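Visitor: Just passing along the structure, written as structure tokens.
The values are calculated or read from the model by the stated rules, or taken from the named source; none is laboratory data. All values reported here derive from a predicted model rather than from experimental measurement. Positions of Cβ are backbone-derived with ideal geometry, glycine not excepted, and every protein chain shown enters the neighbour counts. The area values use the complete protein model at the heavy-atom level, side chains included, leaving out ligands, DNA and RNA. Shrake-Rupley method; radii C 1.70, N 1.55, O 1.52, S 1.80 Å.
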Amino acid sequence: MNIEQHLLDRHLDIGLHRPVIDEVNGVASFYLWNLSGCLVGYQQYRPEADKKQKNDPRDGRYFTYRAKNTIAVWGLESLHLSDTIFVCEGIFDACRMTEIGCSAIAILSNNSGWDLRNWFGSLNRKVVAICDNNAAGRQLAKFGDYSVITDELDLGDSSEEYVISLKQKYC
């Protein structure tokens, strides 16, 4: 599998987000930042790995490392794209919004609480939480001025028409 092409197919703007791509081992690594813009972790993505948990979590499809007790988000480099910020659970959900010119970050289900909410408030922008229809999604819904609960699919797998309708409604 060509991992770079796979990332492009998942709507990642490689020029904007600049993942570290290891074609030999089939791994893409994404840097995670705190709210001051300091590097605090990374998420590795192995598209060919099984989704099931492994004895070593670094062998799974996703492996996330972040400094303990630290808010870590992905996508700060997109904040210049629009005045509305879409907050998503995962990287590929946020990619869908940046692909159409919207600012979007992924919080990677780190359940950051009031610190993250206060940060959003300090930005003086409209915040739209895009949430899966599960417990984590309902928690994320509390972070936005508006929240959108997706019905069946993750935003990363939703139709182009649906994604564009979100931009039209909230930007």
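Visitor: Which of the numbered conditions does residue 86 fail, given that it passes all the others? Conditions: (1) open to solvent by 20 Å² or more (accessible area, probe 1.4 Å); (2) of a type outside the set (D, E, K, R); (3) under 30 Å from residue 114 (Cβ atoms); (4) under 16 Å from the mean Cα position of the chain (by Cα).
Guide: (1)
Visitor: Another question, then. Quick one: would you say residue 147 is open to solvent by 40 Å² or more (accessible area, probe 1.4 Å) and without any contact (Cβ under 8 Å) to a residue 12 or more places away in the chain? It would help to see each step written out before you state the result.
Guide: Values: open to solvent by 40 Å² or more (accessible area, probe 1.4 Å): yes; without any contact (Cβ under 8 Å) to a residue 12 or more places away in the chain: no.
Taking the combined requirement at face value, the residue does not satisfy it.
Visitor: Go through segment 60-78 and count every residue that is part of a loop (DSSP other than H, G, I, E, B) and basic (Lys, Arg). Can you show your working first?
Guide: Residues of segment 60-78 part of a loop (DSSP other than H, G, I, E, B): 60-61, 67-72, 75.
Subsequent filtering for residues that are basic (Lys, Arg) retains 61, 68.
Residues flagged as part of a loop (DSSP other than H, G, I, E, B) and basic (Lys, Arg) within segment 60-78 amount to 2.
Visitor: Please specify each residue of segment 9-35 satisfying the condition of being loosely packed, with under 13 Cβ neighbours inside 10 Å and either aliphatic (A, V, I, L, M) or more than 19 Å from residue 104 (Cβ to Cβ) (or both).
Guide: 14, 20, 23, 24, 25
Visitor: Condition (residue is surrounded by fewer than 12 Cβ atoms within 10 Å (Cβ to Cβ), modelled with pLDDT under 90 and closer than 24 Å to residue 157 by Cα) applied to segment 41-51: is it met by at least one residue?
Guide: Yes, some residue in segment 41-51 is surrounded by fewer than 12 Cβ atoms within 10 Å (Cβ to Cβ), modelled with pLDDT under 90 and closer than 24 Å to residue 157 by Cα.
Visitor: So which of 81, 116 is open to solvent by 10 Å² or more (accessible area, probe 1.4 Å) and not in a strand (DSSP E or B)?
Guide: 81
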